[in-house]
Amino acid sequence: MANPTNDIVPDSDLVTVQASLVTVQASLAALPPASAHIPVGTIMAWHKDLTGTPALLSSWVECSGQVLSDSESVYDGVTIPDLNGGGRFLRGSATSGTDQADAFQGHHHNVPNLSQKVADRTGNSGALDKNDGSFNTENATTIVTDGVNGTPRIANETRPINMSVVWIIRVK
């Protein structure tokens, strides 16, 4: 039983604790680093420009279309995909590496009562058919708000809300 007024640990107990610590440290040192569980070929998003972000480890490179020159990598001499220069989104699939161009699904716009609207404007009545030949049309170039969803955001591309990242790939 320990002496309640004396908190000093006997030397034999300290030796046992130190030996246990050495054993635990050796066991931890023998474990592979956490990154060893990330397969080579894994592509990840990296916030390169966030203040304080460290440089990439040598086992990772940016996906910028370069030919990899690294004799320790299985990808030595292989062209790394250019995911950063093309502003690409990644998409899940049963296979990998297939590029797809941008696309806009085919669709039509219906204009209700077009015949009546043309008749009201021109004074000509009768049904309109897409094969009736040309008639004056107006391009829809003025973009206006619907009054519900805010000011329309116009750009040279169609895109969802996003934040840019740098795509990186594990090469060894």
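Run the numbers for A29 and Q66: contour at 0.36 nm per residue of separation, minus the present Cα-Cα distance, in nm. Show your work: numbers first, answer last.
Details: separation 37, 0.36 × 37 = 13.32 nm, distance 3.52 nm.
Stretched fully, the A29-Q66 segment lengthens by 9.8 nm.
Once amide H atoms are built 1.01 Å from N in the peptide plane, which residues 5 or more positions from D82, or in another chain, come under 5 Å H to H?
G65
With 10 angstrom as the radius, rank F104, F89 by how many other C-beta atoms surround their C-beta, starting from the fewest.
So the ranking, lowest neighbour count to highest, is F104, F89.
Kindly put V67, V171 in sequence by how many other C-beta atoms sit within 10 Å of each C-beta, fewest to most.
Sorted ascending by nearby Cβ count, the order is V67, V171.
With a Förster radius of 35 Å, plug the Cβ-Cβ distance of D49 and I143 into 1/(1 + (r/R0)^6) and report the FRET value to the nearest 0.05.
Computed FRET efficiency for D49 and I143 comes out at 0.65.
Using the Karplus curve 6.51 cos²θ - 1.76 cosθ + 1.60 with θ = phi - 60°, work out ³J(HN,Hα) for each residue of the stretch 163-169 in order, rounded to whole Hz, and write x for Gly and Pro.
10, 6, 9, 9, 7, 10, 10
Readers should treat all values here as calculations from the given coordinates under stated rules, not as data from a laboratory. Because the structure is a prediction, the values reported are computed rather than measured. Glycine also receives a Cβ, built like all others from the backbone with ideal geometry; neighbour counts cover every protein chain displayed.
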